Amino acid sequence: MFSLYKKELQSFFFSPFAYVLTALFMFIFSLAFALQIGNLDSNTLKFSFPNIFYNNFFYFIFIIPILTMRSFADERRGGTEVLLISSPLSVFKIVMAKFFAIATVFLFMLAFSLFFPIVTAINGEVMWSSLICAYIGFYFWGLACIALGMLLSSLTEYAIIAAILGEIIMEGLLFLDNFALTSLVAAYPALDSIVKWFSLQHRFYYFAQGMFRLEDLIFFLSAIAVVLAWTTIAIEKRRWSRA
Amino acid sequence: MVEIKNLTKYYGRNPAVRGIDFEIRDNEILGFLGPNGAGKSTTMNIIAGFLPSTGGTVIVNGFDITEQAAQAKKCIGYLPEIPPVYPDMRVEEYLNFVAGIKGVKKADRKQQIESAMERLRITDMRKRLIRNLSKGYKQRVGFAQALLGNPKILILDEPTVGLDPSQVIEVRNLILDLKKDHSIIFSSHILAEVSAVCERVVIINKGEIMAIDTIENLRKSMVSKNQLSLKVEGDKDKVVRLLKDIRGVGDITDINFISTGVYTYKVEIETEDIRKEILSVLVANDCGVMEVSMATLDLEQVFMKLTTQTQKRSSLEELLDESPADADEPDNKEE
């Protein structure tokens, strides 16, 4: 399993792929950072890094499907799926190895974005505890989206279709996030609690506030587990019904 | 080594393989022969554990491929039809990766990779990106991959497709060499290919086994005892007339133009003894006999015959001893 993990990592880092995506991530982050500074309240001189994440979900959310689109679609296309499945590795292990590899790349991207708080800390003061909490929240949000992206990649042979499907689903999730904040939903308490329960951004909101709630962590972990299990089943199912 | 019992596979409602039974014995090379779309690749994919079967069992070295998948897969080296290589990896890096997922111990990896590369003669290519290799070399890298982990069973799906003639011979020799410590199943739609390396053949068509027999029997059945092949210089009609006058000569078929005044003929004869008479008659009438030989069914004809059968036979001989009307069919078409 470690060999597959290593190979997956190499496919990201020995190609421009990981670096271009990291650059894109940094670019989005830096623009938001510049906006925050431009908007500084002259009295308090305060701004919030978690807010950068929170306000730019729309942009960050587009990076994940690009990260995951190739995971299974390319294996199918290149005929290398045969190699993996006829190897002694179980499908679940294959899924996990790929998931951890992408999770590592995502961690790499996030680590780079620490550049901004560090620069700020040199010239000012940063509330590290709340920042780290926001980073943890954002990372788990990302992992849940990665699992989802891998599921979509396992359903198609074309990486680009996996990416587009991913964007659609992500857009749907984003809609759910915004929908949760509408007055329509607020008018029906039952609906409100359901929509908020599923809203990833809402979960992230608590992390962004510096609140580490076990409930949210468990939500993300179980969402990841369910989607990865689904991915495993989807691949197994395709072996049975391939035509 | 490998036992396949009543193997069935449906793609949706279409049967790809229907109730196949055969076995691969220890240290033998089993040829798996059939036209395109006969179910060869499907069967091999099932044996290798890539596809699950709809029904039946595959026992590999005592392990059921579905029940004890990991153990069974460890005994198998599989080279699929399209070599499963990653274009963005270097040859050595790729082999290292495959050794890893096959669970080869770190200490043994280097040695195994070296010996696989040496066997396939890709040692010089170790640092090359696979995407830059020619088709033949990609095929060899795919082959090298199958050897890692010292599997007892090798499944080779058309291993010589896309190779040039000298590479084909190399691969054949390699397969013969591997026989010492492996059981090999090797598929092809080219009969000559199979007859060059295999001891036994399984002939499959439309998902069903047509025959399982030794290659000797296949060769024997290819010689047709009562047909003479002639190449004669002289007027075509005259030659035919002369031949027809000889007692014991049956049908004359397959008259083919070779060059001006030279034709080939296939002559049915009752006994071999009249060969002399035929020759003397032709020579006496000023027809230059250029070649005489016992006609053999060429490999393609045998193959056509085998694969156009609809009924299941127990041996090749039985298959080939069908009524002559059937046998001549491909010939007539060619005319």
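The HN-Hα couplings worked out from phi for the stretch B:14-23 by the Karplus form 6.51 cos²θ - 1.76 cosθ + 1.60 (θ = phi - 60°) are 8, x, 9, 9, 10, x, 8, 10, 6, 9 Hz, whole numbers, x standing for Gly and Pro. Under a 5 Å amide H cut-off, with hydrogens placed 1.01 Å from N, residue B:10 pairs with B:16, B:54 among residues at least 5 apart or on other chains. Ranking of B:203, A:235, A:122, B:59 by neighbouring Cβ atoms within 10 Å, starting from the fewest: A:122, B:59, A:235, B:203.
For the peptide A:85-98, the mean number of other protein chain Cβ atoms found within 10 angstrom of a residue's Cβ is 5. Look at the stretch B:94-102: the mean tally of other chain Cβ atoms within 10 Å of its residues' Cβ atoms is 5. Note on A:133, A:145: ascending count of other Cβ atoms within 10 Å places them as A:133, A:145, the fewest first.
Taking packing as the residue-averaged number of other Cβ atoms within 10 angstrom, the listed peptides B:227-237, B:253-263 run from highest to lowest as B:227-237, B:253-263. Helix A:2-13 and the long axis of chain A differ in direction by around 60°, with both axes built from C-alpha atoms. Per residue of chain B, the DSSP helices (runs of n ≥ 4 H) give a summed -39500 (n - 2.57) that works out to -11500 deg cm²/dmol at 222 nm. Global size of the protein assembly as shown: 33.6, 125 Å for Rg and Dmax (C-alpha atoms, Rg to one decimal, Dmax whole). Within the straight-line cut-off of under 27 Å between alpha carbons, the lysines reachable from residue B:266 are B:220, B:225, B:231, B:236, B:238, B:244, B:276, B:305, B:333, sequence neighbours fewer than 8 places apart in one chain being disregarded. Per-residue Cβ neighbour counts within 10 Å put B:183, A:222 in the sequence A:222, B:183, beginning with the fewest. Between the alpha-carbon centres of the stretch B:122-157 and the stretch A:91-111 there is a gap of 28 Å. Diffusion of the stretch B:2-220 by Stokes-Einstein, at 25 °C in a medium of 0.890 mPa s and with Rh set to the Kirkwood radius over alpha-carbon pairs, works out to 139 µm²/s.
Computed from backbone phi with θ = phi - 60° and the Karplus coefficients 6.51, -1.76 and 1.60, the 3J(HN,Hα) list for the stretch A:171-182 is 4, x, 5, 5, 4, 4, 4, 6, 4, 4, 9, 6 Hz; x is used for glycine and proline.
Per residue of peptide B:44-55, the mean number of Cβ atoms on other chains within 10 Å of the residue Cβ is 3. Rounded to the nearest whole Hz, the Karplus-based 3J(HN,Hα) values (6.51 cos²θ - 1.76 cosθ + 1.60, θ = phi - 60°) of the stretch A:53-69 follow the sequence 4, 4, 7, 10, 3, 4, 7, 4, 5, 7, 6, 4, x, 5, 5, 9, 4, with x at glycine and proline. Legend: Rg and Dmax of the stretch A:149-243, from Cα coordinates, 16.4, 51 Å. Straight-distance candidates among the aspartates and glutamates for linking to residue A:7, with alpha-carbon spacing under 13 Å and chain neighbours fewer than 8 residues away dropped: A:75, B:88, B:92, B:93.
Taking a Cβ cut-off of under 13 Å around residue A:97, the surrounding Lys, Arg, Asp and Glu residues balance to a net charge of +2, with basic ones at +1 and acidic ones at -1. Calculated mean residue ellipticity, 222 nm, chain A: -25500 deg cm²/dmol, from DSSP H runs (n ≥ 4) at -39500 (n - 2.57) each, averaged per residue and rounded to 500.
Laboratory data are not the source of any read-out in this text; all were calculated from the coordinates shown. Computed from a prediction, not measured in an experiment: that's the story for all the values here. Positions of Cβ are backbone-derived with ideal geometry, glycine not excepted, and every protein chain shown enters the neighbour counts.
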